[in-house]
Every structure is written in C-alpha cells, then in structure tokens.
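Below you'll find the structure, written out as structure tokens, and then a few comments.
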Amino acid sequence: MVAPPPPSDVSAGPVKDKPFKVIIVGGGVAGLALAHCLEKANVDYILLEKGVIAPTWGTSISMHPNGCRILDQIGALDEVEKYCVPMNRFFNRGPDGHPFVYDYFFKSVLERTGYTTLTLERRLFLKALYDTLEHRERVHEHQRVAAVVERKDSVAVVMQDGSEHVGDLVVGADGVHSLCRELMWKKANETIEGYISAAEKRSKQCGGVLANNYLQDNADADILCTAMKTTYVAIIANVPQMPGLGPNDMHATSFDKVSFLVLCQPDTIYLAAHFKLPHRGAVPLA
Ligand SMILES: Cc1cc2nc3c(=O)[nH]c(=O)nc-3n(C[C@H](O)[C@H](O)[C@H](O)COP(=O)(O)OP(=O)(O)OC[C@H]3O[C@@H](n4cnc5c(N)ncnc54)[C@H](O)[C@@H]3O)c2cc1C
C-alpha cells in the first residue's frame, strides 16, 4: 500500500488579508455550476474557458430531478425552463414500432420528487447557466490553460500566450480530456513514484487501441484499469419535429444491439442511436 503524498508546503504559507480566490479551468457544465456555488458562498473566482461559453455545437442535455433541484438552489431553473417544455409521456417500443409500455412517466416523477425532467439544446442550457451568474465579468473566453504553477502562498495558471492568473485554489473543470487531471497525476508521481499507476492512466497515456488491447489481454483489467470503459457508442442528431411523435414525449425503440432514443420538444427532436460494441472498450475508442 502506498502512503498518501505529504501535504504541500502551499498550505504552510502565511494567512493573507486579500480574499480567497478560486481559479476555475473550464466553462462547461461543472465550471459554470461551480461559479454559481462560489457566488452563493461569497467566494471570489475567475473562470477561464479555452473556447466560448455555450458553443453552437452539441445537441441536447436532459436535466432530471436531481439536476433540477440544484438548478433551483443556484437560481438558474427558471432561466433553463424558458428554453424547453417539460417532458411528458414515455413510449417504450419493440422492433415493430408498437409501444409495449407507455405512460405519463415524467408526470409521476414530478409528483414524487417535486421536479420534472427538462430536455433542451445544450448550448441554451450553458447560456442559461452563464446568463444567471451575477459576476459574468469574472468569466473569460479564449483562455486556454497550459500549465499550473504552485508557489509558496499562491497558485498560478499559465495561459498558452505566457500570461498568468494568480489565485489560491485551482479547480479543474476541463472535461473528460482534462489537462488539470494530467498535471495532478504528474505531480502525484513526482511526489511518490508510481502513485498513479500506468493502468489507472491507461486510456490517456496510450490512446484507445492500447487501452483496449490491455483490457482484452488482462483478466484483472477491469479492476486495474480505472479509465472510463464503455459498452455502447452513439450517434446523435437534431431533426425537425415530426407529426405523430408528440411535442414533448420520449420514445425508446429497441432492436438487438441497436436502440433509438427520441426526445421531442415543440420545434426539435433530439435523436440518439445507440450501438452495442462487440467488446467492452476503454474511452477514447480508436
Ligand atoms: C452527446 C452527449 C449527451 C449528453 N447528455 C447528457 C444529458 O442528457 N444529461 C446529463 O446530465 N449529461 C449528459 N451528458 C454528459 C455531460 O455532457 C457531461 O457529463 C458534462 O458535459 C461534463 O461537464 P464538464 O463541465 O465536466 O465538462 P465539459 O462540459 O466537457 O466542459 C469542459 C470545458 O472545459 C474547457 N476546457 C478544456 N480544457 C481547457 C483548458 N486547458 N483551458 C481552459 N478550458 C478548457 C472545454 O472547452 C469545455 O468548455 C452528455 C454527454 C454527451 C457527449
């Protein structure tokens, strides 16, 4: 068993008289939600996003009651609700297209939890999170973080152009291909050799092909390899509304190894086709 790394001397710095500042790397779902939480807690922050907030690409996102409850707490639920109509019926269909189950599923969920399910364009969801921030001036676009430097009583993130932002805590909210996670792995291994095992890093380190060879060649791979694994892949699309599908119903149609999910909103249908893979694979698939 490997001992945990010793506490960094960063914590040994003097208590400062200026406000504690958090640097959030990434302006996606997690980064914007954290910005809201910090505002509620009256903690200063800066959010750095390498691209733009709410980019035009991406399809839908569905907020279920657990997510809606948090949106309500941070004061963004009303804004998100402006962009969609709550989901209504759920149809489960077999290969012949006939529903074998259908009911007012989302209404029952609302009755039981107090929150409904919202499906909307992902771009509009991110826009709603951004628009409801009190301190939007703290959010900076086109700021790609390239490095994180720990100092005695502060931490700096270094941008691609060499400029810096200084704060007290860096939070990596930079998604599934996180640079911050990679830097933390590096730091952990510099502190204690082998602390983050190669198996743990497998998918990032080697890419999909080697990770998948590893999964197939090692009986204990599922335990050792903590990289994300997947059994399905999906193709996603937005299409215009179609008569007969309902303005806010959900339809799932299942075939052998293929299924379709159709999420209807009054002007758009969000479509996902899921395919079962021949083998369980590590992400990213290659
Ligand atoms: C097709 C699809 C459908 C989904 N549907 C749902 C759904 O219905 N409901 C649901 O709850 N979840 C859904 N998810 C999952 C959900 O989208 C993710 O869990 C969520 O986006 C993760 O949020 P995040 O903030 O961690 O990462 P992201 O949303 O990926 O945000 C990371 C951000 O960090 C930025 N960034 C990255 N590197 C840097 C850097 N070096 N410097 C500065 N910025 C950087 C990126 O540009 C990005 O904006 C779906 C995912 C996909 C792919």
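Laboratory data are not the source of any read-out in this text; all were calculated from the coordinates shown. Predicted model, so just to flag it, every value in this text is computed and none were measured. Virtual Cβ from ideal backbone geometry, glycine too; neighbours counted across all protein chains shown.
Pairs from the list 18/50; 229/276; 50/127; 50/82; 21/152 with a Cα-Cα gap above 19 Å: 18/50; 50/82.
Note on residue 187: aspartates and glutamates with a C-alpha under 12 Å away, same-chain residues under 8 apart excluded, are 150.
For residue 195 and residue 151, the FRET efficiency from 1/(1 + (r/R0)^6), where r spans their Cβ atoms and R0 equals 22 Å, is about 0.45. Here the calculated FRET efficiency for residue 44 and residue 113, from their Cβ-Cβ distance with R0 = 30 Å, stands at 0.30, rounded to the nearest 0.05. Stretching residue 78 away from residue 163 to a fully extended chain increases their span by 26.8 nm, per 0.36 nm per residue minus the current alpha-carbon distance.
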